[in-house]
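As structure tokens, the structure follows; a few thoughts come after it.
What follows draws every value from the coordinates through simple rules; no lab data is involved. Predicted model only: the values in this text are computed from it and were never measured. Note that we place each Cβ from the backbone using ideal geometry, even for glycine, and neighbour counts take in every protein chain shown.
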Amino acid sequence: MSRSKDKVVSSLRKIFKSNNASKDETPEEKKATDADAATAKKPAVFPESPGKRMRRMDKKVKPMPVNPTPDFSVRARRLMKEYKEIQKIQSSRNDSVFTVELINDNLYEWYARLHTVDPDSKLAKDMIDLNVPFILLHLAFPDNFPFAPPFMRVVEPHIEKGYVMDGGAICMELLTPRGWASAYTVEAVLMQFAASLVKGQGRIMRKTKNTKEFSRRRAEEAFRSLVKTHEKYGWVTPSLSDG
């Protein structure tokens with residue numbers, strides 16, 4: 001009986017001792033104990049590998065397109081196709097009738113060089129005598145090309161007659177809204193112009209002292225006047241004396 005009583009007393013002493021130790025613990029010690037317990041419960045965290053980090057970032061950041069605003073318009077596709085075809089012909093021949101190049105890498109403005117006209121024409125003789133290697137043309141393609149014609153003008157040399165007008169404008173039905181068709185190509189336009197020059201008995205002006213230089217502004221004004229005239233009276237080929 002005394003042994004059982006001793007065991008009960010011993011157990012009670014242990015319980016009271018444990019409670020007293022808990023009460024005597026300072027707040028700082030209690031926080032440290034709780035933090036240790038929380039740390040023990042958390043799983044170990046390993047540093048993220050560079051490859052995994054890059055894959056995670058790739059999912060968050062959308063890749064930027066190479067060209068934010070690519071031009072897939074009908075005009076762009078048509079001109080790029082024609083330009084590549086002409087460049088291919090130029091690279092394969094040394095005697096091209098004409099050559100083209102972009103102005104300041106602008107697909108919508110071209111320089112065209114007409115190297116050859118009818119060899120029996122007076123214009124061809126002028127080019128030889130005056131050492132003029134080509135006739136330089138400027139082409140500008142509007143937003144609604146190929147459903148509207150390009151604007152084309154002579155830059156140099158200064159040509160008289162041959163249906164070349166003030167400022168270098170060109171009097172040719174094919175270049176007017178009424179005479180244009182979307183099936184016409186740049187090559188067709190240039191070849192038609194070469195024929196028109198000869199048909200109109202175009203010549204290179206030898207004396208330009210009192211003659212106004214060709215310019216885009218004056219050419220555009222002359223061409224607008226031409227278009228208005230044809231819209232009102234229809235297409236009438238001007239006399240050779242008018243250019």
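The table below lists the values:
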read-out: Charge sum, other residues only, whose C-beta stays under 12 Å from Val198's C-beta, Lys/Arg counted +1 and Asp/Glu -1; value: +2
read-out: 10 Å binning of all Cα-Cα separations within segment 69-126, expressed as whole percents from 0 upward; value: 19, 41, 26, 11, 3
read-out: Mean Cβ count within 10 Å, highest first, over the residues of peptides 128-137, 143-152, 164-173; value: 164-173, 143-152, 128-137
read-out: Segment 74-233, relative contact order in percent, only Cα pairs under 8 angstrom and at least six apart counted; value: 21 percent
read-out: Under-5 Å amide H pairs with Phe98, H placed in peptide plane, nonlocal only; value: His115
read-out: Long-range HN-HN contacts of Arg153 with modeled amide H, under 5 Å; value: His138
read-out: Nonlocal amide H pairs with His158, under 5 Å, H built at 1.01 Å; value: Met205
read-out: ³J(HN,Hα), Karplus 6.51/-1.76/1.60, whole Hz, each residue of segment 98-115, x for Gly, Pro; value: 8, 9, 9, 8, 6, 8, 6, 6, 8, 5, 9, 9, 10, 9, 10, 10, 8, 8
read-out: Violating pairs (Cα-Cα greater than 24 angstrom) within the set Lys161/Lys207; Lys212/Lys232; Lys84/Lys125; Lys84/Lys161; Lys88/Lys199; Lys125/Lys199; value: Lys212/Lys232; Lys84/Lys125; Lys84/Lys161; Lys88/Lys199
read-out: Gyration tensor over alpha-carbon atoms, segment 74-233, equivalent ellipsoid semi-axes in Å; value: 24, 21, 14
read-out: Segment 71-121, relative contact order [Cα under 8 Å, separation at least 6], %; value: 29 percent
read-out: Per-residue ³J(HN,Hα) for segment 81-91, Karplus 6.51 cos²θ - 1.76 cosθ + 1.60, θ = phi - 60°, Hz, x for Gly and Pro; value: 4, 5, 4, 5, 5, 5, 4, 5, 5, 4, 6
read-out: Local electrostatic count at Gln87 - Lys and Arg +1, Asp and Glu -1, tallied over other residues with Cβ under 13 Å; value: 0
